[in-house]
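The values are calculated or read from the model by the stated rules, or taken from the named source; none is laboratory data. Here the structure is a predicted model, which is why all the values come from computation and not from measurement. Cβ placement follows ideal geometry from the backbone for every residue including glycine, while neighbour counts extend to all protein chains displayed. For the accessible areas, the whole protein counts, side chains as well, though only heavy atoms, and no ligand, DNA or RNA atoms are used. Shrake-Rupley method; radii C 1.70, N 1.55, O 1.52, S 1.80 Å.
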Amino acid sequence: MNVKTASAAARLRLRLAAAVRERKMFAQSLAEANARFAEKVKELSLLRRIGDSISNNLDERAVCESLVNIITSEMTAENCSVMLLTEDGGHLMLRAAQGQTDSAPRFFDAADPKAPRIPIGNGVAGTVAKTGKPMLVQNTAEDRHFKKIPGRMKNISSLLCTPIAGEKGSVIGVLNLSHPDIGQFSRENERLLRLIVNHAALAFNNIRLFSRIHKFNEGLEQAVTERTKELRNSEGKYRALMQQGSEGIVIAGRDGVIRECNAAAGILTGQKPSAWAGRHLDAMMPDAAPTILKRLGGNTPPGRAPVAVEAVLRAGRGKRGAAVSIGANLIALVAGPVIHITMRDITQRTLLDEKLRNYSRNLEEEVRRRTRELKAAQNELIQAAKLAALGELASGVAHEINNPIAIIAGYAEDLKDRVLKGESPGMTTLMRTLDLISESAQRAHAITQEILDFSTPRATRIAVHNIQELLETSVAMVRPRLKNMGLSVTTRGNALAGKIRTDKNHVVQVMINLLNNAADASRENGIITITANIRGGLLAITVTDNGGGIPKELMGKIFDPFFTTKEPGKGTGLGLSISYRIVQKLGGRLTAASRPGKTAFTVQLPLEAETAAVEHKGAEAHD
């Protein structure tokens, strides 16, 4: 054999060996493909078997038992169980289970108190139900989620648990596979179990949907039955009440045709009830029928607001019937809506109403007359209070008038003596003397004019006044009395330079009352303080004394008429009451605050008082 032949033979052997290896590799790949194909066929067969068994089954027990039976017979699992959520959603309950040694599945009814339960979130099954994610445990001894249930879980080393999905991503249960050996389940088993669970989820959701529909239908049928019974009972009661009722009742269609009426309606119209059947409402109640039919007739749905009118019925032969109060309503009966009309005789009430109107007119006139009398009495009371105040001021005012009169008399006497002696006073001396006499006369005139202005009754006169002048006028009226009592008055505040639109006479009267009360309450050589401030469009005048104060239990009575804390004969008890009314009449408020050693009365008045408003409030005060 030459070299070329040997070389060719070697190459041939190499190719032959490679072909043999390639053939073995193809054979191995074919065997693996055949195995995978057989596994897929087995998987599809299992899925088809499960689908055929449970897809159209609406019996929860049959579905549970079919699942565990087929899985334990077709897969490597030693045990299989189905757990479903309880109605409260707080636990998983074992519904069906089967092991390799069981001849048939074990089923647990939902109402069985002995059926094992696992709280959601507890153990492997509870965790899967809570998270909605499957769990593959290769060794239960090393898994923190695994919890053994005493007496029920024996020799479980590996575990596969998959959630059963409900509506809108919720979990309604779990499917468990277990084996006594470690590592008996793979991801391929997990994938297959997911496919099985999809069939199971569809079946369980169908069962629950069917159950809800069934319960709804049962409830609906029961509600319809009960409602029909209630309507029949109501109609029976209604007819009994209608015929026995004391009020007239008329039933008419929505076309206005009368169907029936009770005996009371016959009495109100003076005809037998049967005589009205088939006639139109216009024949019975011509004034009310158009309104009733407009609101409730035609295709108006029940539930419309009832109609309430008063009308006079038409009796037989065109005679005038009773005056009635009519209430019409649209009510639903089994046979369809009808207009239900009730009529109540108000003939006597109409007569009484007329009497009441006459009485009201007479009463209003009497009230106006009494109001006029009351206003007159109150005006007299205010005037009496003024005169009482003048009485208290009399001695001081007399002293004030005597001073200028004494000056006038003195200078007049001096001039008389000079004339009698034949002396001729110079022009300068004469003019100075006459000026002093004139000033003293004007001073006396001013004092008497203020007294006349204060004491003369007159209507309310609103005008603009200087606030300081108002206060000075008030103080001037009581200064002689205060001087005799050794009391002094201090006036201060941011309102002294301001103006107010009000009634001067009324304000001065109130101030005199308050100053007199302060004088009566003050200690010897005491000080009375008048504070006048403007706040928020209001003038606040506060009169404060340093007397003993008013007891707390009497504060609620100080503005009551005839209430006084003075000794008998020294007070009428009307000063504060009248002042309170006057301030109200001017649109303001009079308040008081007191503690031991200090009492303050505050008058609040609007800076801009309108005449009409004052007169209106004055009328309210007298009413």
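Summary table below
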item: Environment charge of Leu231, counting only residues whose C-beta is closer than 14 Å and scoring Lys/Arg +1, Asp/Glu -1; result: +2
item: Length added when fully stretched, Val312-Phe210, from 0.36 nm per residue minus Cα-Cα; result: 30.5 nm
item: Listed residues Lys133, Lys4 arranged by accessible area, highest first, probe 1.4 Å; result: Lys4, Lys133
item: FRET efficiency, Glu472 to Leu374 (Cβ-Cβ, R0 35 Å, nearest 0.05); result: 0.50
item: By average C-beta atoms within 10 angstrom, highest first, the peptides 335-342, 353-360; result: 335-342, 353-360
item: Cα-centred dipole magnitude for region 100-199, charges only on beta-carbon of K, R (+1) and D, E (-1), debye, nearest 20; result: 260 debye
item: Amide H contacts of Asn546 (H built 1.01 Å from N, under 5 Å, at least 5 apart or other chain); result: Arg523, Ile527
item: Relative contact order (%) - region 160-233, alpha-carbon pairs under 8 angstrom, separation at least six; result: 27 percent
item: Theoretical gain in end-to-end length, Glu188 to Leu430 [0.36 nm per residue, Cα-Cα removed]; result: 72.9 nm
item: Derived scalar couplings ³J(HN,Hα) [region 216-233; Karplus, 6.51 cos²θ - 1.76 cosθ + 1.60; whole Hz; x for Gly, Pro]; result: 4, 5, 4, x, 5, 4, 5, 5, 5, 4, 5, 5, 4, 5, 4, 5, 5, 5
item: Relative packing of peptides 577-586, 202-211 - highest average C-beta neighbours within 10 Å first; result: 577-586, 202-211
item: Residue-wise HN-Hα coupling along region 203-215, computed from phi with Karplus coefficients 6.51, -1.76, 1.60 (Hz; x: Gly, Pro); result: 5, 5, 5, 5, 4, 5, 4, 4, 5, 5, 4, 4, 5
item: Region 182-272, relative contact order [Cα under 8 Å, separation at least 6], %; result: 15 percent
item: Amide H contacts of Ile120 (H built 1.01 Å from N, under 5 Å, at least 5 apart or other chain); result: His91, Leu92
item: Taking region 63-159 and dividing mean pair separation by its residue count, relative contact order in percent (alpha carbons under 8 Å, at least six apart); result: 18 percent
item: Amide H contacts of Ala96 (H built 1.01 Å from N, under 5 Å, at least 5 apart or other chain); result: Val82, Phe108
item: Accessible heavy-atom area order of Val174, Val309, Val419, highest first, probe of 1.4 Å; result: Val419, Val309, Val174
item: Cβ crowding within 10 Å averaged over residues, with 217-228, 187-198 ranked highest first; result: 187-198, 217-228
item: Whole-Hz ³J(HN,Hα) from phi, Karplus 6.51 cos²θ - 1.76 cosθ + 1.60, for region 267-281, glycine and proline x; result: 5, 5, 9, x, 9, 5, x, 5, 5, 8, 4, x, 8, 7, 4
